[in-house]
Amino acid sequence: MSYVPLTSDRLIANVKQGINEIDVHQLKQQMDNGDTVVIDIREFDEYAQGTIAGSFYIPRGFLELRVENLAPRRDTPIALYCAGGVRSALGARSLQEMGYTNVASVAGGFNGWKNVGYSFEIPRVMTDDQRHRYSRHTIIPEVGEGGQLKLLDAKVLLIGAGGLGSPAAMYLAAAGVGTLGIVDFDVVDVSNLQRQILHHLNDVGRPKVESAADTIAALNTDVEVIAHRVLLRSDNALDIIKDYDVVINGSDNFPTRYLVNDACALLGKPLVDGSIFRFEGQLTVFDPAHDGPCYRCLYPDPPPPGEVPSCAEGGVLGVLPGIIGSLQASEAVKLILRVGEPLTGRLLLFDALDGRFRQVKVRKDPACPVCGENPTVTELIDYEQFCGIPQSDNGVAIEPIPALATA
Ligand code: ZN
């Protein structure tokens, strides 16, 4: 008996005998019924020119490796399509070998679908530069290209471009969070440079929002920085915060801390709160919209003025905000991607001297004046007065403000 090599035509013919094929009309019907996982398995450049709305995309080379993410159960109805029905036939055979019992290959494929006039969409995809830049993200199954697009679409507001805001902004910008709002009224002082890595020596004297925007622009042009060079107050906070998905608090005083908490709670925005002092830092996520506690559940009332020293008075290890601010960025990314377990209801404490983390539960207070069952704070109040801080005529605090965190 002589050896007869299997030509590609013979191979395909054999494969097609052993699998189930459906035509594009049957595919349409199954998609309308909504019970089939439909997977486009073409190459990326084919997919980028048009795909069937409602289908998932896994290139053929990754089909077996990623199909379980979409269809963990082996009896899930799956339909595969390529351009014409050949590659999908090979893919279907392979899924059958993996134990999938209800796989079909779409005869005629995407071209057949298009030719009978069924609609398709041009998928939103990243540019080649973006695919390269974010490749260490997109290769993570929990992120993927879809997750990176979520980051690019996301809007994060940083309260303060100081110690905590600096590393948070740098990592969020590097991660490709598309819009970063920064609220800060200060100018850069040389004593900031010990920890506020957004700013450099030649920025001294410049508004921090401008210096921050330049640093971020030099890192990633995908990121739009919206500079809010204002003092956050009761009359502008809701208006500024409402446009963002996540807020990172790096504020350095109690009035702002309560103001940001109340505004985020009223707007239903998750707030990643952090604070630092000397060698100790802490962070948590306040998210009353998702059953989490808020800052007022933890501290209903501010401490008496002057009781808690500011970093200007007490000092802070320059590295510490790098750790806490980076953790804040990590929480923000998790919230955007909706992966993992956010620090909602947990306060994470870090002691740099011990080199130890610990965490404590933070419970939602049913009697909380902001997020409790019968809230008494339903709009923003005068926070300077609430914190017992004397005011000048324009509402700006004129006394040194007690602080947990440095700006
Ligand atoms: Zn609360």
**Study point:** Count - residues of the range 352-372 that are open to solvent by 90 Å² or more (accessible area, probe 1.4 Å), within 25 Å of the chain's Cα centre (by Cα) and either over 18 Å from residue 298 (Cβ atoms) or within 9 Å of the ligand (Cβ to nearest atom) (or both)
**Key:** 1
Review point. What are the pairs, 6+ residues apart or on separate chains, where a residue within the range 287-310 that is in contact (Cβ under 8 Å) with a residue 12 or more places away in the chain and over 25 Å from residue 344 (Cβ atoms) has its Cβ under 7 Å from a residue that is open to solvent by 60 Å² or more (accessible area, probe 1.4 Å) and more than 8 Å from the ligand (Cβ to nearest atom)?
Key: 305/399; 310/400
Practice item. Scan (1) within 16 Å of the ligand (Cβ to nearest atom); (2) touching a helix residue (DSSP H, G or I) at 6+ places or on another chain (Cβ under 6 Å) for the single condition residue 264 breaks and write down its number. Key: (2)
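Conditions (1) within 16 Å of the ligand (Cβ to nearest atom); (2) at pLDDT below 95; (3) part of a strand (DSSP E or B), marked per residue:
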| site | (1), (2), (3) |
| --- | --- |
| 281 | no, no, yes |
| 285 | yes, no, yes |
| 301 | yes, yes, no |
| 322 | no, no, no |
| 330 | no, no, no |
Exercise for review: Kindly indicate whether residue 271 is within 16 Å of the ligand (Cβ to nearest atom) and within 19 Å of residue 182 (Cβ to Cβ).
Suggested key: yes
Review point. Of the residues that sit in the range 235-275 and are among the hydroxyl-bearing types (Ser, Thr, Tyr) and over 18 Å from residue 324 (Cα atoms), which one is surrounded by the most Cβ atoms within 10 Å (Cβ to Cβ)?
Key: 256
Study note, to complete from the structure: Quick count over the range 18-48, residues being surrounded by fewer than 10 Cβ atoms within 10 Å (Cβ to Cβ) and closer than 16 Å to residue 89 by Cα, is 0
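Quick grid of which residues meet (1) part of a loop (DSSP other than H, G, I, E, B); (2) among the aromatic types (Phe, Trp, Tyr):
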site	(1), (2)
66	no, no
69	no, no
89	no, no
100	yes, yes
113	no, yes
Check your understanding: residue 8 versus (1) open to solvent by 50 Å² or more (accessible area, probe 1.4 Å); (2) within 29 Å of the chain's Cα centre (by Cα): which is the lone unmet condition?
Key -> (2)
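The values are calculated or read from the model by the stated rules, or taken from the named source; none is laboratory data. Quick caveat, the model's predicted, so the values are computed rather than measured. Please note: Cβ atoms are built from the backbone with ideal geometry, for glycine as well, and neighbour counts cover all protein chains shown. With ligands, DNA and RNA removed, areas are computed over all heavy atoms of the protein, side chains included. Shrake-Rupley method; radii C 1.70, N 1.55, O 1.52, S 1.80 Å.
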